[in-house]
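See structure below.
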């Protein structure tokens, strides 16, 4: 199951690789992406933090991240943003992005 980020996301992603899925309940592509994020969280459990950030519940955090469209997937390494994807993504695409960061 995916981690639930909150307004303290910066502290939660400080070390290692993290994938943050910015989403909202009313967003259909977000809802389609949700099971993929959960699967990735299970697959990368020991190697990366994979989680969700509810844009409606944590407006301060999504504003700080300059999220303007949903879903937005942001990849971090040691607390620094290294990649950003917008819109529905395939599991293979997200898995590849995570693996590249872990191997880097």
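Taken together, the values in this text are just the output of simple stated rules run on the coordinates, not laboratory data. Everything numeric in this text was worked out from a predicted model, so none of it was measured. Don't worry about glycine lacking a Cβ; one is built from the backbone with ideal geometry, like all the others, and counts go over all protein chains shown.
Could you grab me the full set of residues in segment 89-104 that are surrounded by fewer than 15 Cβ atoms within 10 Å (Cβ to Cβ) and within 16 Å of residue 32 (Cα to Cα)? Hits for segment 89-104 are 90, 91, 92, 93. Out of segment 15-39, which residues are part of a loop (DSSP other than H, G, I, E, B) and under 14 Å from the mean Cα position of the chain (by Cα)? 16, 24 - these are the residues of segment 15-39 that are part of a loop (DSSP other than H, G, I, E, B) and under 14 Å from the mean Cα position of the chain (by Cα). Out of the residues in segment 40-54 that are outside any strand (DSSP E or B) and touching a strand residue (DSSP E or B) at 6+ places or on another chain (Cβ under 9 Å), which is surrounded by the fewest Cβ atoms within 10 Å (Cβ to Cβ)? Within segment 40-54, the match that is surrounded by the fewest Cβ atoms within 10 Å (Cβ to Cβ) is 42. Residues in segment 55-85 that are out of contact with any helix residue (DSSP H, G or I) (no Cβ under 7 Å at 6 or more places or on another chain) and part of a strand (DSSP E or B) were compared, and the one that is surrounded by the most Cβ atoms within 10 Å (Cβ to Cβ) is 76.
Taken together, the residues in segment 62-92 that are under 13 Å from the mean Cα position of the chain (by Cα) and either closer than 21 Å to residue 28 by Cβ or in contact (Cβ under 8 Å) with a residue 60 or more places away in the chain (or both) amount to 17.
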